Amino acid sequence: MFFGITMLASVAISMKSVLTADQVLAKAEAQLKATSIIAEMKVSIQRPKWTKTMRLKTWGKGTDYALAYILGPEKDKGTVYLKNATGVYNYLPKINRTIKLPNALLNQNWMGTDMSTDDIVKLSRLKEDYNAKMMGTKSILGKSCYWIELTPKDEADVLWGKLELFIDKQDFLQMRAIFYDEDMEAVNQLETLEVKKIGGKTVAAKMKMIPSNESGHSTVVEYESIQFNKPISSSFFTKENMSKVTP
């Protein structure tokens with residue numbers, strides 16, 4: 001009898017410890033939660049006949065503000081992308097002009113990479129725009145991961161017809177993401193290649209975006225430095241400041 005009671009108690013504890021898809025997403029978000037993030041990264045583009053490497057510095061504050069400054073190559077240096085409450089903007093230093101990007105351009109490949117402007121300035125908010133469903137578990141890079149399917153909410157204005165995320169059970173880091181179009185065809189796959197501690201947090205330090213139907217195409221993003229929770233004024237994320245940003 002005692003054995004039976006012990007088994008029932010164990011099962012009850014186990015059931016309580018099972019996480020829902022929304023809880024896993026919340027933990028993944030909390031893992032990297034910060035009032036601000038300042039990062040430097042290297043972006044390497046691979047094509048069948050050429051390669052290109054860029055370096056960027058990015059600033060982010062909450063979910064409403066993001067800015068990316070191109071450090072190199074020299075011909076692109078000083079180009080700035082900004083997202084704030086009024087829209088997404090691009091500053092072109094060679095002609096000293098700031099333009100507002102139309103929504104149609106946000107979904108196109110950014111500066112020859114396999115990522116869109118939407119990916120770079122992080123317009124989408126997963127918990128707000130998608131319904132999450134737990135699909136099971138999968139091992140990626142030797143890490144046991146939650147497999148979560150995200151489908152758009154009826155009112156959400158998003159690019160993807162569906163997303164599949166694979167989130168590490170230990171550190172709650174995204175190890176893989178698969179992006180589907182409205183016809184439920186896989187378009188891109190984002191793989192985490194390296195996990196390490198930067199700026200006091202364990203992060204996905206190196207990631208690779210691979211288009212599903214373009215052989216020999218890929219983009220690798222590698223973080224070189226990250227600062228968390230450094231105060232940044234909201235006035236930094238304005239159109240007027242874009243031409244004044246220095247790395």
TODO: For the range 216-238, indicate whether the set of residues that are basic (Lys, Arg), open to solvent by 40 Å² or more (accessible area, probe 1.4 Å) and within 20 Å of THR63 (Cα to Cα) is non-empty.
DONE: yes
Open item on the list: Which count do you get for residues in the range 185-199 that are open to solvent by less than 60 Å² (accessible area, probe 1.4 Å) and either farther than 21 Å from LYS143 by Cα or more than 18 Å from the chain's Cα centre (by Cα) (or both)?
Closed with: 4
Task: Failed item in (1) modelled with pLDDT under 95; (2) in contact with a helix residue (DSSP H, G or I) (Cβ under 7 Å, 6 or more places away or on another chain); (3) open to solvent by 50 Å² or more (accessible area, probe 1.4 Å), with MET134 passing the rest - done: (1)
Open item on the list: Pairs needed: first member in the range 191-213, on the phi > 0 side of the Ramachandran plot; second member anywhere, in a strand (DSSP E or B) and crowded, with 17+ Cβ neighbours inside 10 Å; C-beta distance under 8 Å; at least 6 residues apart or different chains.
Closed with: GLY199/ILE226; GLY199/PHE228; GLY200/PHE228
Task: Of all residues in the range 71-92 being open to solvent by 50 Å² or more (accessible area, probe 1.4 Å) and of a type outside the set (A, V, I, L, M), the one that is modelled with the lowest pLDDT - done: THR86
TODO: Would you mind stating whether GLU182 is within 29 Å of THR86 (Cβ to Cβ), over 18 Å from the mean Cα position of the chain (by Cα) and free of Cβ contacts under 8 Å to residues at least 12 places away in the same chain?
DONE: no
Task: Search result, residues across the range 59-70 that are open to solvent by 30 Å² or more (accessible area, probe 1.4 Å) and either in a strand (DSSP E or B) or small (Gly, Ala, Ser) (or both) - done: LYS61, GLY62, TYR65
Open item on the list: Restricting to the range 18-42, give me the number of residues that are closer than 25 Å to TYR130 by Cβ, among the β-branched types (Val, Ile, Thr) and either open to solvent by less than 20 Å² (accessible area, probe 1.4 Å) or in a loop (DSSP other than H, G, I, E, B) (or both).
Closed with: 4
Open item on the list: Looking only at the range 1-34, filter to residues that are among the hydroxyl-bearing types (Ser, Thr, Tyr) and within 20 Å of ASP171 (Cα to Cα); which one of those is modelled with the lowest pLDDT?
Closed with: SER14
Task: Close pairs (9 angstrom Cβ cut-off, 6 or more residues apart or separate chains): closer than 16 Å to SER36 by Cα in the range 230-244, assigned to a helix (DSSP H, G or I) and at pLDDT 95 or above anywhere - done: SER235/ASN241
- [ ] Among the residues of the range 43-57, write down those that are out of contact with any Phe, Trp or Tyr (no Cβ under 7 Å at 6 or more places or on another chain) and open to solvent by less than 30 Å² (accessible area, probe 1.4 Å).
- [x] VAL43, ILE45, ARG47, MET54
Task: THR192 vs. criteria in contact with an Asp or Glu (Cβ under 9 Å, 6 or more places away or on another chain) and not hydrophobic (A, V, I, L, M, F, W, C) - done: yes
Task: Residue satisfying all of: in the range 93-114; part of a loop (DSSP other than H, G, I, E, B) and at pLDDT below 75; least open to solvent (accessible area, probe 1.4 Å) among these - done: TRP110
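The values are calculated or read from the model by the stated rules, or taken from the named source; none is laboratory data. Being a predicted model, the structure only gives us computed values, none of them experimental. As a convention, Cβ positions derive from the backbone with ideal geometry for all residues, glycine included, and neighbour counts pool all protein chains shown. Quick note on the areas: whole protein, heavy atoms, side chains included, nothing else; ligands and nucleic acids left out. Shrake-Rupley method; radii C 1.70, N 1.55, O 1.52, S 1.80 Å.
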